[in-house]
Amino acid sequence: MQKLITEIKACTICENHLPLGAKPILLVSPSAKILIIGQAPGTKVHESGIPWNDQSGKELRRWLGVNDEQFYNNKIFGIMPMGFCYPGKGTSGDLPPRPECAPQWHQQVLKDMKQIELTILIGTYAQQYYLANRLKRTLAETVKSFQEYLPKYLPLVHPSPRNKIWQKKNPWFEKEVVPVLQQIVKPFLL
């Protein structure tokens, strides 16, 4: 798998479309049990090279009920975004993940991650790609129906500070989804 990771880190397939250049960011290991598939790195993550090393990552770790050491333990978690590089700024947040990454790399990575017991799909892009025709009409409906996708997948809203409004409008998420997520994750931490 190290050879594949080296290939991915050297990828420049969409470099001409990236305002900060290509800097693929992922953290995967054949021994990981839980795979987190998010959108794409933001500017802070691009700068540090550490996935989820921002406010969104802090919130995600709170939802998971884990500390930094547990989160970055690649025997527990694998982290693979839909787009490995920062895609640039849009009118209301970052641009969508580049469409080249997932078809180019995801299946190759997953082939080497045979220990994965749960894949957490964060946001619409990951859910559209992996749940396809099983998606509900809206993101809220998909997330609220999370039990239907278990034990293989668990869809979540993105933990971005921009989604605080969504969370306030959907208090069931914190009451119903987060406790189940923590309950599922806890045995992997022991």
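The values are calculated or read from the model by the stated rules, or taken from the named source; none is laboratory data. Remember, it's a predicted structure, so these values are computed and weren't measured experimentally. When we count neighbours, we look across all protein chains shown, and the Cβ atoms used for this are built from the backbone with ideal geometry, even at glycine.
Can you find, within the stretch 3-14, the residue that is nearest to G90 (Cα to Cα) among those that are part of a helix (DSSP H, G or I) and touching a residue at least 40 places away in the same chain (Cβ under 8 Å)? Working first, answer last.
Pass one, the stretch 3-14, residues part of a helix (DSSP H, G or I): 3-9.
Among the residues that remain, those that are also touching a residue at least 40 places away in the same chain (Cβ under 8 Å) are: 4, 8.
Working: L4: 31, I8: 25 Å.
Filtering the stretch 3-14 for residues that are part of a helix (DSSP H, G or I) and touching a residue at least 40 places away in the same chain (Cβ under 8 Å), the one nearest to G90 (Cα to Cα) comes out as I8.
Scan the stretch 6-17 for residues that are modelled with pLDDT of 95 or more and either touching a His at 6+ places or on another chain (Cβ under 7 Å) or surrounded by 17 or more Cβ atoms within 10 Å (Cβ to Cβ) (or both) and jot them down.
Result: I8, C11.
Looking at Q183, Q167, which one is free of Cβ contacts under 8 Å to residues at least 12 places away in the same chain, touching an Asp or Glu at 6+ places or on another chain (Cβ under 9 Å), over 19 Å from M80 (Cβ atoms) and of a type in the set (S, T, N, Q)? Break it down into steps so the answer makes sense when it comes.
Values: Q183 fails: touching an Asp or Glu at 6+ places or on another chain (Cβ under 9 Å).
Unique residue meeting the criteria: Q167.
Assuming L139 fulfils every condition listed in (1) surrounded by 11 or more Cβ atoms within 10 Å (Cβ to Cβ); (2) over 18 Å from I36 (Cα atoms) apart from one, which condition is it?
Among (1) surrounded by 11 or more Cβ atoms within 10 Å (Cβ to Cβ); (2) over 18 Å from I36 (Cα atoms), L139 violates only (2).
For the stretch 39-61, give me each residue that is of a type in the set (S, T, Y) and either within 27 Å of K186 (Cα to Cα) or surrounded by 21 or more Cβ atoms within 10 Å (Cβ to Cβ) (or both). Walk me through how you get there before you give the answer.
Just the residues of the stretch 39-61 that are of a type in the set (S, T, Y), to begin with: 43, 48, 56.
Across the stretch 39-61, the qualifying residue is only S56.
Report, ordered by the first and then the second residue, all pairs with beta carbons closer than 6 Å, sequence separation of six or more or different chains, a first member in the stretch 114-131 that is more than 16 Å from P103 (Cβ to Cβ), and a second member that is hydroxyl-bearing (S, T, Y) and assigned to a loop (DSSP other than H, G, I, E, B).
Listed by first residue and then by second, the contacts come to Q115/S31.
Under 23 Å from A10 (Cα atoms), part of a loop (DSSP other than H, G, I, E, B) and either touching a Phe, Trp or Tyr at 6+ places or on another chain (Cβ under 7 Å) or aromatic (F, W, Y) (or both), is that true of P87?
Working: under 23 Å from A10 (Cα atoms): yes; part of a loop (DSSP other than H, G, I, E, B): yes; either touching a Phe, Trp or Tyr at 6+ places or on another chain (Cβ under 7 Å) or aromatic (F, W, Y) (or both): no.
Against the criterion (under 23 Å from A10 (Cα atoms), part of a loop (DSSP other than H, G, I, E, B) and either touching a Phe, Trp or Tyr at 6+ places or on another chain (Cβ under 7 Å) or aromatic (F, W, Y) (or both)), P87 does not qualify.
So if I check each of L64, L20, which one is touching a helix residue (DSSP H, G or I) at 6+ places or on another chain (Cβ under 7 Å), hydrophobic (A, V, I, L, M, F, W, C), surrounded by fewer than 17 Cβ atoms within 10 Å (Cβ to Cβ) and in contact (Cβ under 8 Å) with a residue 12 or more places away in the chain? Talk me through it step by step, then tell me what you get.
On the way: L64 fails: surrounded by fewer than 17 Cβ atoms within 10 Å (Cβ to Cβ).
Sole residue among the options that is touching a helix residue (DSSP H, G or I) at 6+ places or on another chain (Cβ under 7 Å), hydrophobic (A, V, I, L, M, F, W, C), surrounded by fewer than 17 Cβ atoms within 10 Å (Cβ to Cβ) and in contact (Cβ under 8 Å) with a residue 12 or more places away in the chain: L20.
Looking at G123 and the list (1) surrounded by fewer than 19 Cβ atoms within 10 Å (Cβ to Cβ); (2) touching a His at 6+ places or on another chain (Cβ under 8 Å), which single condition is not satisfied?
Among (1) surrounded by fewer than 19 Cβ atoms within 10 Å (Cβ to Cβ); (2) touching a His at 6+ places or on another chain (Cβ under 8 Å), G123 violates only (1).
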